[in-house]
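Here's the structure, in structure tokens; my notes come after.
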Amino acid sequence: APKELMFSTAPAVEALGNALRQMVAGDLQALDLDFKLVLDGDERAWTLRLTPRRPDIARALKQLELQGTGSQLQVIVILEPRGERTTTRLSAEP
């Protein structure tokens with residue numbers, strides 16, 4: 001069964017949700033307000049690292065790493081301040 005998370009009770013999840021919405025919308029200017037952005041690679045294989053600028057986000061999220069190819073996001077890596085790491089692989093399958 002799918003898990004449900006309430007954004008209001010999980011600041012890291014809320015930050016992730018906001019970051020993904022801004023990225024999908026192509027709003028890098030808004031994304032840059034909350035995160036320091038570092039892009040590596042090229043269109044074949046890229047990595048976008050987002051490091052929180054705001055202390056309230058940084059308390060719950062050390063770094064967010066998005067990996068993809070072309071216009072497709074494939075991997076989301078969440079690094080928490082305590083060293084915990086969560087990796088989510090996205091599938092293009094319906």
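Exactly one residue among Gly83, Gly68 is at pLDDT 90 or above and open to solvent by 40 Å² or more (accessible area, probe 1.4 Å), and that residue is Gly83. Taking first residues from the range 29-49 that are over 21 Å from Leu79 (Cα atoms) and open to solvent by 70 Å² or more (accessible area, probe 1.4 Å) and partners that are in a strand (DSSP E or B) and at pLDDT 90 or above, the Cβ contacts under 9 Å between residues at least 6 apart in sequence or on separate chains come to Glu43/Thr69; Arg44/Thr69.
Out of Arg59, Arg54, which single residue is open to solvent by 70 Å² or more (accessible area, probe 1.4 Å) and closer than 14 Å to Ala19 by Cα? On inspection, the qualifying residue turns out to be Arg54.
The values are calculated or read from the model by the stated rules, or taken from the named source; none is laboratory data. From a predicted model like this one, the values you see are computed outputs, not experimental measurements. All Cβ positions, even for glycine, are placed from backbone atoms using ideal geometry, and neighbour counts span all protein chains on display. When the accessible area is computed, the model is the full protein with side chains, heavy atoms only, and any ligands, DNA or RNA have been set aside. Shrake-Rupley method; radii C 1.70, N 1.55, O 1.52, S 1.80 Å.
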